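Heads up: the structure comes next, in structure tokens.
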Amino acid sequence: MVISPLSEDDTRKLGATLAIATPVILIKELFENALDSGATTVVVLISPNTVDRIEVRDNGHGIDPSDFDALGRSGYTSKLKSLHELATVGARSLGFRGVALASINTLAEVTITTRTSSQPVAEVLRLVDGGGIVKEGRAGNPVGTAVCANNLFANFPVRQRSVIKEAHKNLAKIKELLQAYTFARSGTKVAFRVFGKPESTWCYTAQTGGGVKEAARQLFGHDVASRCSLKTYSADIKEPREQEKTGAGKSLSFEGFLPHAGADPQKIAGAFFSVDSRPLSPIRGTGKKLLSVFRAHYNQFPPGTKEEKATKGILIRLNIVCPPGSYDVNVEPAKDDVIFVDEEWVIGHFKQYLLSVYPRKEDDYENEGGRGYTTAGLETPPASSSGPKDTCKPIQDGLWICLDLLTAPARTKTATVATSIQQSSPIIPRVGTRFPRASMRSHHWKG
Ligand SMILES: Nc1ncnc2c1ncn2[C@@H]1O[C@H](COP(=O)(O)OP(=O)(O)O)[C@@H](O)[C@H]1O
Ligand SMILES: [Mg+2]
């Protein structure tokens, strides 16, 4: 069998269809570029069949004429100088591979109109196949950039036909995508328009001081938004082990807009997780894990009032602000997942955060100096327990409280007992923390 090289052109085309597989991904990439350019307003326009014309306009810093020739070339980026910066680039910009614009240029005819604050007028540039530009003239546009891709997948007719067939579905996905970004970055105004279909127009108008709450109200309605509250948490970093992860003066914090306790967790209408304002996919990797930790915690909370339980949909929005260098962002082609250097550490603090947002009566034990808890009126522990008979009592169906924790005078003892129950948790549970009965059975008092 002869192994021979494909032409550069063919290799580029094959790679481009992987990077930009659908119009949804194309818009995601252009939208990310707009946000990375510091835009406060982004307008997305698309033709109904999703291939004839796709345009993203922003009011960001524009592209300097000295960079024009680099446009549309694969591996050309202003966001990453070398792989050494990969550990910290995720916090600075959404893009970093220098692949998207080149791929779009391979799959469509691209025109860019751009102006920086030092230019009197905008330049209209047509990207050349393979990279570089031809100047097409000047325009009176304001500072910012408009990237227009025409005739997407013209060289891939089968792909183009199938994309056109899925236009309706993809338009809905684009809207969802823009909403997820809006929720992660509520300070940016966003408009979405389908040419010739005014009924499909969607706009988000960021209001001064409105923030996440206002975004939730505009995106999901007043009812859903009013059932959530803003809750923040900063990891109190004292241990040397934690300091290593955070660098000087930087810490880990959680900015959440979380549902009030008592709603039915099965009715999660939207879960929006982000790391340093980078939206994460909630169906895989870190986003999926965060959602399952949330569910597990929220599930344990006693059901609320009839009205709370009847809530149509609950909303979770969480942004994690991370110390520099604490995660790898180069995980998924879509850049919507991260791998933490120490995931247990982050998840451990996430659990602490959830405990602070949804405190249980027993969690107040420590704050109250241990008052109010006695061993009176206890029931026996689970039948399979091999531990002392007076060390746990049922709190509610399936949940038991460890009384050793309640009566433990020192944190050391708490840690020993708790670790034997929740071996996977890097966090020492607070005195009075409850554990699922199942986990007490499997680890009961081994420590
Ligand atoms: N809307 C925009 N505003 C300003 N610069 C842009 C815009 N779109 C693209 N660019 C420039 O083009 C470069 C290449 O874009 P892209 O291929 O998406 O790569 P990346 O975003 O990974 O750097 C970017 O690094 C940026 O300098
Ligand atoms: Mg990009």
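Throughout, read-outs are computed from the coordinates displayed, never taken from laboratory work. Predicted, not measured: the structure shown is a model, and the values here were computed from it. Backbone-built Cβ (ideal geometry, glycine too); neighbour counts: all protein chains shown.
For Leu315, the residues whose amide H sits under 5 Å from its own are Ala269, ignoring neighbours fewer than 5 places away on the same chain, with H placed 1.01 Å from N. Taking the fewest neighbouring Cβ atoms within 10 Å as the starting point, the ordered list for His168, His349 is His168, His349. Near the amide H of Val128, within less than 5 Å, lie the amide hydrogens of Ile133, Val134, all on another chain or at least 5 residues away, with H placed in the peptide plane.
Is the shape of region 310-357 best called rounded, prolate or oblate, per the rule: a/c under 1.5 gives rounded, else a/b larger than b/c gives prolate, else oblate, with a ≥ b ≥ c the square roots of the Cα gyration tensor eigenvalues? Note, shape of region 310-357 comes out oblate. Taking each residue as 0.36 nm, the span from Thr208 to Glu332 lengthens on full extension beyond its C-alpha to C-alpha distance by 41.2 nm.
Arrange the following residues from fewest to most other Cβ atoms within 10 Å of their Cβ: Lys213, Lys81. Each step should come with its number before you reach the end.
Working: Lys213 17, Lys81 9.
The order, fewest Cβ neighbours first, is Lys81, Lys213.
Over what distance in Å are the Cα centres of region 149-185 and region 255-296 separated? Computed from Cα coordinates, the inter-centre distance equals 25 Å.
A simple spin-label model places the labels of Leu14 and Ser118 4.3 nm from each other, with each point 7 Å out along Cα-to-Cβ. Amide H to amide H, with H built 1.01 Å from N, Val331 comes under 5 Å of Asp337, counting only residues 5 or more places away or on other chains. Sequence-ordered 3J(HN,Hα) estimates for region 222-232 from the Karplus curve with 6.51, -1.76 and 1.60 and θ = phi - 60° stand at 4, 4, 5, 5, 6, 8, 10, 9, 7, 9, 10 Hz, glycine and proline given as x. Between Val128 and Met1, the modelled label-to-label distance comes to 3.8 nm, taking each label 7 Å out from Cα in the direction of the beta carbon.
Label-to-label distance for Ser78 and Asn299 is 4.8 nm, based on points extended 7 Å past Cα in the beta-carbon direction. For the residue pairs Lys213/Lys288; Lys173/Lys197; Lys288/Lys351; Lys28/Lys173; Lys28/Lys169, the C-alpha atoms sit more than 20 angstrom apart in Lys213/Lys288.
Each residue of region 313-323 was assigned a 3J(HN,Hα) from its phi angle through the Karplus expression (A = 6.51, B = -1.76, C = 1.60, θ = phi - 60°), giving x, 10, 10, 10, 9, 9, 10, 9, 8, 10, x Hz with x at Gly and Pro.
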